[in-house]
Each structure stands twice: as C-alpha cells, then as structure tokens.
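Please treat every number below as a calculation from the coordinates, not as lab data. This one's a predicted model, so the numbers in the text were calculated from it and none came from an experiment. When we count neighbours, we look across all protein chains shown, and the Cβ atoms used for this are built from the backbone with ideal geometry, even at glycine.
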Amino acid sequence: MEKDIYLAGKLNAGELTIGEFASELEQRGHTVLEKWWQLDKLPTPYMENLNTSSPAAQAMIDAAYDSDIAVLFPGDNILGAAVEFGAAIASSKTNAEKQIIVVNPYEVRQSVFYAHPAVITVRGIAQVREMNWF
C-alpha cells in the first residue's frame, strides 16, 4: 500500500537524517512529497526574498496537507515545521485516514498539539517501521 508522505522537522533526527529516511521510504514504494532538504538554501531574510520564499512555503504547506502520512521530527526550535504540522492536523478533519506521526517528542519542548486525536507519537523510527503501512 503505497503512501504519499511528508517529512518535517530537524534535518538530523538522531537515528538518521530525514534524507536517509526518505530514501528508505521510497525504496519501499512510497512517495515522499516536497523534499525541502534537497533545495538550495532559501535566501534570507525570507520577507525580503518573497520570490523564492513564497512558492517554497506554499509547496511545503500543500505537501503537508495533501499527504497520506505526515511525520514530524521535533526539536526545541522547529519554527516552520510547526506550521507544516498544523497543516497536516488541519487536513485530518476531512481525511479521517490521515496519519500524523511525531517521532520522539518526549525529550523536547512539547506542544499540546502532540496530544491531538489525529496524532500518533512514537519513541523512534523503529516504531514507525512497525506500522502496517510501512
């Protein structure tokens, strides 16, 4: 059962990088949407570079919203990933099958939204690999 998956959060999630996890998912037949970590670094300040920031922001939100599964690798300072996480949660209202997975939120600053009914929290990638869709 192939899934469209969006990955958000810190580039290095401790166990492996997001890019390594994306490759593993694709080898299993899944599609990883909007590989933001492969893009050239967006020029900052973002508000002074709207020609690149605006389409990148829209593409990331669309991918988080449209994915079958969204995976968040949280850290204490996730800024943009928190917005993508919110878009994924918002989409669960019309997509009851959507899975939003937060990997190891226990040792970072927590958000009340990690307790949202659509969110599944796991202690690491090993638990993601045990999921029936994996």
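Data overview
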item	result
Residue exposure sequence - 133, 36 - by fewest surrounding Cβ within 10 Å	133, 36
For residue 71, residues with placed amide H under 5 Å, excluding near neighbours	6, 7, 8, 101
Positive dipole terminus of the chain, leading residue within 25, 124, 5 (C-beta point charges)	124
Dipole in debye (nearest 20) - the stretch 4-129, about Cα centre, beta carbon charges: Lys, Arg +1; Asp, Glu -1	300 debye
Tilt relative to the chain, helix 50-66 - C-alpha long axis, 0 to 90 degrees, to 10	20 degrees
Nonlocal Lys pairs with alpha-carbon distance under 17 Å, the chain (8 or more apart, or different chains)	4
Antiparallel bridge percentage (DSSP; both residues within the chain; nearest 5)	5 percent
Cα long-axis angle, helix 18-27 against the chain (0 to 90 degrees, to the nearest 10)	60 degrees
Highest-first arrangement of 69-75, 104-110, 41-47, where packing means the average Cβ count within 10 Å	69-75, 104-110, 41-47
Helical mean residue ellipticity (222 nm; -39500 (n - 2.57) per DSSP H run of 4+; nearest 500) of the chain	-10000 deg cm²/dmol
Proxy reagent accessibility, fewest Cβ within 10 Å first, across 134, 21	134, 21
Cα gyration tensor of the chain - equivalent ellipsoid semi-axes, whole Å, descending	22, 17, 16
Total formal charge among the other residues, if their Cβ is under 11 angstrom from that of residue 77, Lys/Arg +1 and Asp/Glu -1	+1
